[in-house]
1. Does region 22-42 include one or more residues that are within 16 Å of the ligand (Cβ to nearest atom), surrounded by fewer than 23 Cβ atoms within 10 Å (Cβ to Cβ), part of a loop (DSSP other than H, G, I, E, B) and not hydroxyl-bearing (Ser, Thr, Tyr)?
2. Among the candidates 385, 463, which residue alone is closer than 25 Å to residue 343 by Cβ and modelled with pLDDT under 95?
3. Here are 403, 458: which of them is closer than 18 Å to residue 67 by Cα and outside any helix (DSSP H, G or I)?
4. Restricting attention to region 235-278, which residues are within 19 Å of residue 356 (Cβ to Cβ) and charged (D, E, K, R)?
5. In this structure, is residue 73 closer than 23 Å to residue 149 by Cβ, at pLDDT 95 or above, in contact with a helix residue (DSSP H, G or I) (Cβ under 9 Å, 6 or more places away or on another chain) and within 16 Å of the ligand (Cβ to nearest atom)?
6. Within region 409-450, can you find the residues that are assigned to a strand (DSSP E or B) and within 10 Å of the ligand (Cβ to nearest atom)?
7. Against the condition more than 16 Å from the ligand (Cβ to nearest atom) and closer than 29 Å to residue 406 by Cβ, how does residue 151 come out, does it pass?
8. Across region 243-258, which residue is surrounded by the fewest Cβ atoms within 10 Å (Cβ to Cβ) among those that are farther than 30 Å from residue 370 by Cβ and in contact (Cβ under 8 Å) with a residue 24 or more places away in the chain?
Amino acid sequence: MAVDKGFLWGGATASYQCEGAWDADGKVPSNWDWWLHERELPNADVASDHYHHVLEDIALAKEGGHTAYRFSLSWPRIIKDREGTVNEAGIAFYNKIIDACAEAGIEPFVTVFHWDLPMYWEELGGWTNTQTALAFEHYARVCYEAFGDRVRSWVTINEPKWFTSRGYLVGDYPPFHQNAQEYIQAGFNIMLASALGVKAFREGGFEGSIGIVHSYTPVYGIDDTIESQIAVRYADNFNNNWVLDTAVFGEFPIDLVTELSRTYDLSCMKPEYLRIIKANTVDFLGLNYYSSTDVKAWTEGETTLRFNTSGKGGERGKIMVKGWFEQVYNPHHKFTDWGMEIYPEGLYHGLKKAFDKYHVPLYISENGIGCYEDIVDEPVHDDYRISFLQDHIAAMLDAMDDGVDMRGYFVWSLFDLYSWISGMEKRYGLIGVADDEEHRRVPKDSFTWFKRVIETGGDCIDR
Ligand code: GCO
């Protein structure tokens, strides 16, 4: 049976990954701008040049039948300095996107923070400093006030786990640190920031709903032994619960806090902040699903912890999870070119589990596959992407049949964009972006296929 009419179908992007125009019209540098320039790494100075192609991109989304567009706002484009001065040109840019969406009948699904932190906060310790979280409240309020008359779906933060673990534990994202103490502080502050974002939303009496987006990694034990079950709990706390429990229940998992308190300084968790977190929980969860993980009890030296990434940095991730669990490869599964496990069943199980536990509406806020592709004039025949999306949408529809309250599905990504340290090589788009001066948009076969999925409300999906 087709999903109901209000179900959101669309593509997702993020400001740093697609806008380009990194120093245009009063935008100040973000931590990504600064660090990548400093280290001479591939950057998103230009990226997909969405800043100059935004009307074309929204027109294409409309042509593809999309009913929603998930994008993020850039804090350094909107707030110029630590005093909180607003950059009107930044506001104007997002007004342009939101108004174009309205004209196209596309619902804007807006993330307030998707990793591009103003450098003026990074200089003071970034997310390890509680001041950043406190400043986020002001920034979020500015966004609601500017766009809240037209935006009904808000996300405070995108993937707290992913960018903090890569930035402070694995050490391959800015600020390239490997320090578990900093990771814990950053993790706490980001959850505080999210709660402050919810607080500002509620206090302002804005219409609509507000949630958080999590990089969801359902965890499987290799067997049912008690050792494996304990490893699963550790891995679930590490991968999911510290974000999801905290966002929905307003409390960090108590066994995780107890465990961490044995080794780390948790004085950042002040009672007044814990009260803010408790009082300001989310309305919905956005789950980004790329892969699941298999774990077993820790057995030093026998296996390699992959840390949910291409393997790079996996060893370094061990500083935190030593003694907790080991991540193992499941030889029966397929993997992408970047070593991400392909396992649609994990989405079905994960959605069931999340809904049973949290009882809030769910969105798939990202799902997709990164591939090497050459964008020329002809559409890319990305049958591999179609089959990936087909199997994952089928898993979502099965979960809906089994009672899970799903409200929308977003493909990552609407068009090709910069994929963090993988640069522009790792393409996810339904629409190709050519490497030429014009950044020509060339819709792929998956774009046409997804249009049919939307038109049939998912009925054309093979199940
Ligand atoms: C990628 C990732 C995406 C994005 C996104 C996460 O490699 O590009 O798989 O998930 O990084 O920004 O929210």
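1. So far as region 22-42 goes, yes, one or more of its residues are within 16 Å of the ligand (Cβ to nearest atom), surrounded by fewer than 23 Cβ atoms within 10 Å (Cβ to Cβ), part of a loop (DSSP other than H, G, I, E, B) and not hydroxyl-bearing (Ser, Thr, Tyr).
2. Details: 385 fails: modelled with pLDDT under 95.
Checking each option against the conditions leaves just 463.
3. Working: 403 fails: closer than 18 Å to residue 67 by Cα.
Of the residues listed, the single one that is closer than 18 Å to residue 67 by Cα and outside any helix (DSSP H, G or I) is 458.
4. Those that are within 19 Å of residue 356 (Cβ to Cβ) and charged (D, E, K, R): 236, 245, 251.
5. Working: closer than 23 Å to residue 149 by Cβ: yes; at pLDDT 95 or above: yes; in contact with a helix residue (DSSP H, G or I) (Cβ under 9 Å, 6 or more places away or on another chain): yes; within 16 Å of the ligand (Cβ to nearest atom): yes.
Here the answer is yes, as residue 73 does meet what is asked.
6. Quick first cut of region 409-450, residues assigned to a strand (DSSP E or B) only: 409-412, 415, 427, 431-433, 441-443.
Passing the criteria: 412, 427.
7. Details: more than 16 Å from the ligand (Cβ to nearest atom): yes; closer than 29 Å to residue 406 by Cβ: yes.
Considered against the rule, which asks whether it is more than 16 Å from the ligand (Cβ to nearest atom) and closer than 29 Å to residue 406 by Cβ, residue 151 comes out as yes.
8. Of the residues in region 243-258, the ones farther than 30 Å from residue 370 by Cβ are 249-258.
If we keep only those that are in contact (Cβ under 8 Å) with a residue 24 or more places away in the chain too, we end up with 249-252.
Values: 249: 15, 250: 19, 251: 13, 252: 22.
My answer is 251.
The values are calculated or read from the model by the stated rules, or taken from the named source; none is laboratory data. The model shown is predicted, which means the values in this text are computed figures rather than measured ones. Positions of Cβ are backbone-derived with ideal geometry, glycine not excepted, and every protein chain shown enters the neighbour counts.
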